[in-house]
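I have placed the structure first, in the form of structure tokens, so that the comments after it can refer back to it.
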Amino acid sequence: MPSMVVIPTTAVPDHLRGALSRWTSEVVPGIFVGSLSARVRDELWHAVTEIVGNGAAVLVHPAATEQGYTIRTAGTRRRIPADFDGLTLIRMTAAPKVKKMQTPS
């Protein structure tokens, strides 16, 4: 039975956006929503993880959890899902440090 999925993306290749739009609707730039079977969802997510490159993607779909959904991520993100006693919480990682320009003496 199909269930709703949401796939937000950031800085992914155009051909990945095209692949996602075959199965889902891009409701706003970079956010894809659709109703997929578990098999199609898993195959599509496998393709996303292979193609994401330097970008990032998140998959949110229904699951038999206390919250009623699960989160999967691909690519580099500052927000990382973490299990805390059966609940998925979001952990923030530190922002990358920016090197300061040295001025000549």
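Tell me which residues, restricted to segment 56-101, are under 19 Å from LEU36 (Cα atoms) and of a type in the set (Phe, Trp, Tyr).
Scanning segment 56-101 gives a single hit, TYR69.
Which residue out of ALA57, ALA64 is of a type outside the set (Val, Ile, Thr), at pLDDT 95 or above and under 26 Å from GLY86 (Cα atoms)?
ALA57
Kindly establish whether THR76 is more than 25 Å from MET1 (Cα to Cα), out of contact with any Asp or Glu (no Cβ under 6 Å at 6 or more places or on another chain) and polar (S, T, N, Q).
Judged against the criteria, THR76 is a match.
The values are calculated or read from the model by the stated rules, or taken from the named source; none is laboratory data. Every value quoted in this text rests on a predicted model; they were computed, and no experiment measured them. We place every Cβ from the backbone using ideal geometry, glycine too, and count neighbours over all the protein chains shown.
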